[in-house]
Each structure stands twice: as structure tokens, then as C-alpha cells.
Amino acid sequence: MTTVDKSAGPGGVTVRRRAGLYALLAADTVSALGVRMSVVAIPWLVLVATKSPAKMGMAAGAEMALYVLSGVFATPLADRFGLRRVSVLTDVVSAAAIAVIALVPDISFGLLLVLVSVAGALRGTGDRVKHVLLKPMAERADVPMIRVTAVYESLTRGAMLVGAPLGGLLIYWFDAELAIGVTAVTFGLCGLLVAVFVAAEHTPAPKKVSGEPYAVAFKAGVRCLLSHRVLAGMTLIMFFSNLFTQAATAVFVPVWVEQTKLSEATLGLVGGVYAGGVMLGSIVMTVLATKVPRYLAFTLGAMLGGAPRLLALGLTDNLYLVLAVTALSGLAISPVNPIFGAMLYERIPADLQTRVFGLVAGVCFSGIPIGSVVAGWAVPAAGLATSVIAFAVLCLAICSLPLFKPAAWRAMDDKVPADT
């Protein structure tokens, strides 16, 4: 007999009906935690074993590059095999690949690189698939998608905030192999959560295709995204938002700390207050998700979440002022991802979501390595202050795009289901 959750409201949603949604959110959070731990532990293992920063960079780059690429190019295949099946399979096999790295003493660099690449590719596909599965689970639980995306943002940010420090602590307390082993356990746990709590009959069935070429399936996702001009514009803004955020994190903040002769601990402090601001804002967004005007929240969030923190680095050497502006920027940008995520679920038809979500993630994530490279080139060429201010002006200009055609962009306030 199913127990009814009395706190679920007039809909009388049962605990069992919400279990799939809770399990997916937990799996996504655990996956984010594991990925962040692996980004710390695997490069450290390579550096200790090979004494080569170049090989360390290759290992880290291979994992993330395959993560992004598979999320774009493997998703059309995921539709054919079934989303739940692909989610569980990618979790289990990626856990096994990472476990081999942890368990094999003196593993060769070549084999490690292959295993890391396999794990990265599987994580990219599996994470995109889990995102698609959130919608049917949210509908079954009778929870609005804007609230689900806000909760997802809060949990993911928390996992990202904890993951890297936790990986470092495990290395310090034990060794890199154990930290990598814990990462493998997190990936296995993801598969277990989906296999046990996400019922097959409540997830999209594998698509029966009659000779549809892979290229045709892939292009269908591209055409779908481009046909929604507001979504394409939001994707562009998110690409540049990631680019500017990474430029600040990887280059501008470290150079600013070095030039102002502050402690290395300041690096973690600046990153921590930004993540804390995002987490706090995401929690508030979870509560107010259905009441916030999307156009206004997205536009102001994008504009105030990037440019001010860059300007602070270029115009002052006061640590407290930089920390305050950085925290407020994190708070301001917190509605952006939940609104973008809810728009994707609402506007993209269910049978194309896997492909479109993978494409969007690939475009958005590609801003991360580009931001590091461009900022690393700009500082020696133009100096820190000039570079940061130029980036801030460009960031503000791009994030202001919704102001130039407000009638079109206000369509994000129209909550139109994708299948109608």
C-alpha cells in the first residue's frame, strides 16, 4: 500500500511518485561531486607519478574535452537505446573505468589517459540524459520545472563547492588513489539511484528509428534550437557568461592576488564567496521560482552577475570591496541557470530534448577553455587593469542583448508547454 505524503498539498502526490525526482536530483548532485573530485585527484596522481605538468594537463583536458564532446555528439544515440538504460550503463561503466585507475598500482600514463577519456565521455552522455529524465519525473511528482531547475542549481553548486576541497582533503589525509576510488563509488551510486528509484515505465521509451542516419538525427536537434530565437540567444549569453567567469577564476583573480601581494588563501576566499552568493540566490530562487518575472530576472542577473565583479578587480585593490561585489554578483546571477533550464524543458519537444540539451551544454561549456586562453593572452599583452575592464565592458554589452528587442525576449514569460 502506497503512503500518501500529507504535506504534498491538494494534489495528494505520493512518496513513491516523488521518489524518482528525488533520486535523479540526488544522482545529479553526486555526479557533480564526483566529477569535481576527479578533476583534482586524477591530475594530482599524474603529477606525482610523472613529475610532468604537461601530462597532468593532458589528463585533465582529456576528461573534460570528452565530457563536453560526448554530451553533444553521443546524445542522438542515447535516444535509440533508451534514456534510463543509457543513464545506468554510463554510470556503471564510468565507475569501473575510474576504479581501475585507483586499483592498479603504477598504472601506465597511456592506459590512464584512455580510461580517463572513456570516463569523461560516459559522464557527459549520462549527465545530459539525466537532465532529460528530470521532466517526466517532475511531471509525475507534480512539481513545476522552474522549481526543479532552481533546486538542481542549488544542489549542483553545493556539490561543486564541496567536491574540489573534499578531493584535496582525501589526498592529504590518505592518497590520490583513495580519492579516485571514492570518485568511482560516487559514479556507481548514481547508477544505483536511477536503477532502483526511476521506474522504466515512467521514462521515455527507446525511439524506434527506421534507418534514420545519425547525421539527420543530429541536425534535427540543431534546427530545433535555432528555430527558437530566444533560446538560441540565451545559449549565446550563457556561452559568454562561462567564458567571462572562467577568465576571472583562472586568470584575473590569481593575477590580481599576486599583484596586490595577498595570501594564496585569497584565491579560495574569492571563489568561495562567489559560489556562496550563487548558492544563497539559488535557494531563494527555489522558493520564489514561480513568482519571479523571467525576462527581468534573467536580464538583470546576466548583466549584474558578470561585469561588476570584473570591474572591481580592475578598479580597486581593496580585498573587502572585491569580496562584497563578488558575493553580490553571485547572488545576482543565481536566477539565470534555473530560468534557462526551465525554458529548455518547456520549449523543446520531448523527443528532441536529449539532442538539444547536449548541443546547448556543449556550446555553453566550450566558453570555459576559451575564457582561460583569451584571458591568459590578454593580461601579458595589455595588463591586468585594461584587460579586466575590457572584459567587463564586453560582458555587459553581450548580456544586455535582451534589452534591445524586449518584445521578443519577453516571450520567456509565456509559459508555453513544448508539446502544444
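Report the far tail of the P(r) of region 220-413, meaning the percent of Cα-Cα pairs longer than 20 Å.
Summing the P(r) of region 220-413 above 20 Å gives 56 percent of all pairs.
How high is the relative contact order of the chain, in percent, with contacts defined as C-alpha pairs under 8 Å that are six or more residues apart?
23
Contour minus end-to-end for Leu77 and Ala397, with contour as 0.36 nm per residue of separation and end-to-end as the Cα-Cα distance?
111.4 nm is the gain from fully extending Leu77 to Ala397.
Could you order peptides 362-375, 331-344, 216-229 by the average number of other Cβ atoms within 10 Å of their residues, highest first?
Packing proxy ranking, top to bottom: 331-344, 362-375, 216-229.
So for region 220-413, averaging the separation of alpha carbon pairs under 8 Å that are six or more residues apart and normalising by length, what relative contact order in percent results?
The value is 40 percent.
Place a point 7 Å from Cα of Val216 in the direction of its Cβ. Which residues in region 66-90 have their backbone N less than 15 Å from it?
77, 80
Can you tell which of Ile339, Ala312, Ile42 lies farthest toward the positive end of the dipole of the chain, using +1 and -1 charges on the Cβ of basic and acidic side chains (Lys, Arg; Asp, Glu)?
Working it through, the farthest residue towards the positive pole turns out to be Ile339.
If the chain were replaced by its equivalent ellipsoid, with semi-axes equal to the square roots of 5 times the Cα gyration tensor eigenvalues, what would those be, largest first, whole Å?
32, 29, 21
Mind ranking 89-100, 266-277 by how tightly packed they are, going by the mean number of other C-beta atoms within 10 angstrom, highest first?
Ranked from most to least packed, the peptides come out as 89-100, 266-277.
Just to verify a number: FRET efficiency for Asp351 and Trp173, C-beta to C-beta distance, R0 = 41 Å, to 0.05?
The calculated FRET efficiency here is 0.30.
Quick check for the chain: number of Lys pairs with alpha-carbon distance under 29 Å, counting only pairs 8 or more apart or on different chains?
23
What's the extension gain from Lys261 to Val287 if we count 0.36 nm per residue and subtract their Cα-Cα distance?
Taking Lys261 through Val287 to full extension adds about 5.3 nm, to one decimal.
Subtract the Cα-Cα distance of Ala49 and Phe404 from 0.36 nm times their separation in residues, and report this length gain in nm to one decimal.
Once the chain is fully extended between Ala49 and Phe404, it gains 122.4 nm.
Cα convex hull of region 121-278: how many Å³ per residue?
In region 121-278, the Cα convex hull volume per residue is 182 Å³.
Quickly estimate the mean residue ellipticity at 222 nm for the chain, helices only: each DSSP H run with n ≥ 4 gives -39500 (n - 2.57), and the total goes over all residues, rounded to 500. Could the numbers behind the result be given before it?
Working: 17 runs with 332 residues, N = 420.
Using -39500 (n - 2.57) per qualifying helix, the result is -27000 deg cm²/dmol.
Apply the membrane-span-like helix rule to the chain: whole DSSP H runs, Cα extent along the own long axis of at least 18 Å, mean Kyte-Doolittle hydropathy at least 1.6. List the helices found.
83-103, 176-197, 265-288, 319-333, 384-399
Convex hull over the alpha-carbon atoms of region 6-208: what's its volume per residue in Å³?
119
So how far, in whole Å, is the C-alpha centre of region 12-63 from the one of region 369-410?
Each part's Cα centre sits 29 Å from the other's.
Among 254-262, 62-70, what's the highest-first ranking by average C-beta atoms within 10 angstrom per residue?
The densest-packed peptide leads the list: 62-70, 254-262.
We did not get these values from a lab; they are worked out from the coordinates using the rules stated. Just so it is clear, the model here is predicted, and its values are computed rather than measured. Methodologically, a virtual Cβ is constructed for each residue, glycine included, from the backbone with ideal geometry; neighbour enumeration extends over all protein chains shown.
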